[in-house]
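Asks: I'd like to ask some things about the structure below.
The values are calculated or read from the model by the stated rules, or taken from the named source; none is laboratory data. A quick note: this is a predicted structure, and the numbers were derived from the prediction, not measured. Every residue, glycine as well, gets a Cβ built from its backbone with ideal geometry; the counts of neighbours run over all protein chains shown. All accessible areas refer to the heavy atoms of the entire protein, side chains included, with ligands and DNA or RNA removed. Shrake-Rupley method; radii C 1.70, N 1.55, O 1.52, S 1.80 Å.
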Amino acid sequence: FAGSASGGVWKTTNGGTDWRLITPDLSNLATTVLAMAASNHNIIYLGTGEGFGNVDAVNGNGMFKSTDRGQTWSYLLSTSNFSDINRAIVSPTDPDVVVVATNNGIYRTTDGGMNWIQVSLLPLIEDLNATPGNFNVQYATQKTKGVLKSTDGGINWLLSNTGIRPSGRIEIDISPVDSNRLFASAEGTLSGSKSDLYVSKDAGGTWAIIDV
């Protein structure tokens, strides 16, 4: 499965040789994120909207959900006020637990998207990742600010950005072999260019610029 910025969701069944558009009738084709439930591959969540500041961005209007592996999609009316959805993660053990990063903040559902709680009011949340093997520990990034961390499955969030001084977008990743080691790529000038690469060796407690 692949989502395109303004062209919907595409599917291949032969390793990428051929692709077929499977969402021609969706009301919004700005597919920014697809999140498949690891515990049930029939369930896929689709987030709309290009929320990264590009001048030709297509606006989002919430999320769609498929329960038959992309054959049909239903609109989650409860997400109509989410603005642009930049990232989404699904609990590896419960397909009804989803956390999403949006330009309006961070939202969380425990009933498959019927109802949501806004767990962070901070705007411009651009990236979102759960620690491999531990969905309770999650990290998000806020444009121009830094990194947020949750230790209770995305319910509560605190800044975890000591040492980071970004000027724009931030992307984050977590080592699958050492969950204390994180990397963050950010717009910034600390390294002498417009792009800075940071590393944390203490699960986001402190960050240091990587001299490359």
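Quick grid of which residues meet (1) buried (at least 18 other Cβ atoms within 10 Å of the Cβ); (2) modelled with pLDDT under 95; (3) among the small types (G, A, S); (4) in contact with a strand residue (DSSP E or B) (Cβ under 6 Å, 6 or more places away or on another chain):
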{"residue": "K11", "(1), (2), (3), (4)": "no, no, no, yes"}
{"residue": "S27", "(1), (2), (3), (4)": "no, yes, yes, no"}
{"residue": "A30", "(1), (2), (3), (4)": "yes, yes, yes, yes"}
{"residue": "A35", "(1), (2), (3), (4)": "yes, no, yes, yes"}
{"residue": "A38", "(1), (2), (3), (4)": "no, no, yes, no"}
{"residue": "N42", "(1), (2), (3), (4)": "no, no, no, no"}
{"residue": "L46", "(1), (2), (3), (4)": "yes, no, no, yes"}
{"residue": "G49", "(1), (2), (3), (4)": "yes, yes, yes, yes"}
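Asks: Separate question: Mind checking whether some residue in the range 127-142 is open to solvent by less than 70 Å² (accessible area, probe 1.4 Å), more than 20 Å from I89 (Cα to Cα), of a type outside the set (F, W, Y) and touching a Gly at 6+ places or on another chain (Cβ under 9 Å)?
Replies: For the range 127-142, residues open to solvent by less than 70 Å² (accessible area, probe 1.4 Å), more than 20 Å from I89 (Cα to Cα), of a type outside the set (F, W, Y) and touching a Gly at 6+ places or on another chain (Cβ under 9 Å): absent.
Asks: Kindly evaluate V137 against the criterion of being among the hydrophobic types (A, V, I, L, M, F, W, C) and farther than 22 Å from G49 by Cα.
Replies: Taking the combined requirement at face value, the residue satisfies it.
Asks: Same structure again: State whether the residues of the range 81-88 include one that is of a type in the set (G, A, S) and either under 25 Å from I172 (Cα atoms) or open to solvent by 60 Å² or more (accessible area, probe 1.4 Å) (or both).
Replies: Taking every residue of the range 81-88 in turn, at least one turns out to be of a type in the set (G, A, S) and either under 25 Å from I172 (Cα atoms) or open to solvent by 60 Å² or more (accessible area, probe 1.4 Å) (or both).
Asks: Inside the range 1-29, can you point out the residues that are within 23 Å of A101 (Cβ to Cβ) and in contact (Cβ under 8 Å) with a residue 40 or more places away in the chain?
Replies: Matches in the range 1-29: F1, G3, A5, S6, V9, T23, L26, S27.
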